[in-house]
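Encoded as structure tokens, the structure appears first; notes follow it.
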Amino acid sequence: MSAELEQKKQELCAKRDELLDRLDAIKRDYRSGLAADSEEQAVQLENAEVLEEISRVTSEELQKVTQALERIERELRA
């Protein structure tokens, strides 16, 4: 049982790292600001809504992964 929990913990840690990287990439994209070209700005503004939703969903998934890791940690300590 402990080996299975350790394996699941490793999988969840990898998923957590992936989600954190995704959120960082979104933040970097926001910080880069708008392009000088007005057509490119229009595309960026259209994409902003999509990025916001991706960020929201990613944050929710990250919260679930974090909670699952906490449960596994409690089980491993028990």
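Every number in this text was worked out from the coordinates using simple rules, so none of it is lab data. Fair warning: this is a prediction, and the values are worked out from it, not measured in the lab. Please note: Cβ atoms are built from the backbone with ideal geometry, for glycine as well, and neighbour counts cover all protein chains shown.
Some values worked out for this structure:
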| read-out | value |
| --- | --- |
| Matching residues in region 1-39 - criterion: being assigned to a helix (DSSP H, G or I), over 14 Å from the mean Cα position of the chain (by Cα) and more than 19 Å from LEU51 (Cα to Cα) | SER2, ALA3, GLU4, LEU5, GLU6, GLN7, LYS8, LYS9, GLN10, GLU11, SER38 |
| Count - residues of region 27-63 that are within 26 Å of GLU11 (Cβ to Cβ) and surrounded by 13 or more Cβ atoms within 10 Å (Cβ to Cβ) | 6 |
